[in-house]
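Q: First, the structure itself, so that you have it in front of you.
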Amino acid sequence: MAIPGLEGAIHVFFALLALLSSSALLALLFTRSKDKKIITYLAIATAIFVWLSWFTVAPVYTGEYGADKAAIKAHPETIAAHAFGMETKEHIFYTGLFLATLLPIFALSIDVTSISGRKLLMWTVIVLILGGLVMEALGGWIATAARIAWYLEAGGGLL
């Protein structure tokens, strides 16, 4: 028997690994490391973790979020979490998915010792990290809104 909620935790686990690997990559780029091998490995790892996060969220979003979404949208106190939070999260995620896919391509095809190549990688990683942090915050908001909505559904009254 699976542990309840574990399927959502796996998605977040891969997202956090992507944030960690991209932070390590940013640190290497910031310190002007010339080790193209490690830079490329971290870029590939970041892309893999982002894609794993995307694949592992599919069952949660298609199977379980529907009930939470209905509860969230049923209450004016929580509707913004879906209307703004989830919609924004989806757009940020697809942008991050494309950038994470491009990251290893950039790392393999540019000269990491050149200023322009380093800047391209650095800004790609910065946008990925900022997007990841915003997504984590929005995910927390949505999860909290779902708890509040279910509380209201159970007769918890107005907050």
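Q: Evaluate the following for residue 65: is it surrounded by 13 or more Cβ atoms within 10 Å (Cβ to Cβ), part of a helix (DSSP H, G or I) and free of Cβ contacts under 8 Å to residues at least 24 places away in the same chain?
A: Answer is yes for this residue.
Q: Same structure again: For residue 39, are the conditions met, namely being farther than 14 Å from residue 124 by Cα, among the hydrophobic types (A, V, I, L, M, F, W, C) and in contact with a helix residue (DSSP H, G or I) (Cβ under 6 Å, 6 or more places away or on another chain)?
A: In short, no.
Q: Suppose we keep only residues that are outside any helix (DSSP H, G or I) and hydrophobic (A, V, I, L, M, F, W, C) within the stretch 117-159. Which one would you say is least open to solvent (accessible area, probe 1.4 Å)?
A: That would be 154.
Q: Looking at (1) in a helix (DSSP H, G or I); (2) farther than 27 Å from residue 23 by Cβ; (3) open to solvent by 80 Å² or more (accessible area, probe 1.4 Å); (4) not aliphatic (A, V, I, L, M), can you tell me which one residue 77 breaks?
A: That leaves (1) as the condition not met.
Q: Would you confirm whether or not the stretch 109-116 contains a residue that is loosely packed, with under 13 Cβ neighbours inside 10 Å and in contact (Cβ under 8 Å) with a residue 60 or more places away in the chain?
A: Checked against the condition, which is being loosely packed, with under 13 Cβ neighbours inside 10 Å and in contact (Cβ under 8 Å) with a residue 60 or more places away in the chain, the stretch 109-116 yields at least one hit.
Q: In addition: With the structure loaded, tell me whether residue 33 is at pLDDT 95 or above and open to solvent by less than 30 Å² (accessible area, probe 1.4 Å) or whether it fails that test.
A: For residue 33, the condition - at pLDDT 95 or above and open to solvent by less than 30 Å² (accessible area, probe 1.4 Å) - is not met.
Q: Of the conditions (1) assigned to a helix (DSSP H, G or I); (2) among the β-branched types (Val, Ile, Thr); (3) open to solvent by 70 Å² or more (accessible area, probe 1.4 Å); (4) touching a residue at least 60 places away in the same chain (Cβ under 8 Å), residue 40 fails just one. Which one is it?
A: It is condition (3) that residue 40 fails.
Q: If you don't mind, another one. Restricting attention to the stretch 87-108, which residues are open to solvent by less than 40 Å² (accessible area, probe 1.4 Å) and in contact with a Phe, Trp or Tyr (Cβ under 8 Å, 6 or more places away or on another chain)?
A: 93, 97, 100, listed by residue number.
Q: A further question follows. Quick check, is residue 53 at pLDDT 85 or above, outside any helix (DSSP H, G or I) and open to solvent by less than 40 Å² (accessible area, probe 1.4 Å)?
A: In short, no.
Q: Residues in the stretch 82-107 that are in contact with a Lys or Arg (Cβ under 9 Å, 6 or more places away or on another chain) and either in contact (Cβ under 8 Å) with a residue 40 or more places away in the chain or within 16 Å of residue 39 (Cβ to Cβ) (or both): how many?
A: Of the residues in the stretch 82-107, 3 are in contact with a Lys or Arg (Cβ under 9 Å, 6 or more places away or on another chain) and either in contact (Cβ under 8 Å) with a residue 40 or more places away in the chain or within 16 Å of residue 39 (Cβ to Cβ) (or both).
Q: OK, next. Looking at 95, 88, 46, 113, which one is among the hydroxyl-bearing types (Ser, Thr, Tyr) and more than 13 Å from the chain's Cα centre (by Cα)?
A: Sole residue among the options that is among the hydroxyl-bearing types (Ser, Thr, Tyr) and more than 13 Å from the chain's Cα centre (by Cα): 113.
The values are calculated or read from the model by the stated rules, or taken from the named source; none is laboratory data. Given the structure is predicted, the values throughout are model-derived calculations rather than measurements. Ideal geometry is used to build each Cβ from the backbone, glycine not excepted, and the neighbour counts take in all protein chains shown. The area values use the complete protein model at the heavy-atom level, side chains included, leaving out ligands, DNA and RNA. Shrake-Rupley method; radii C 1.70, N 1.55, O 1.52, S 1.80 Å.
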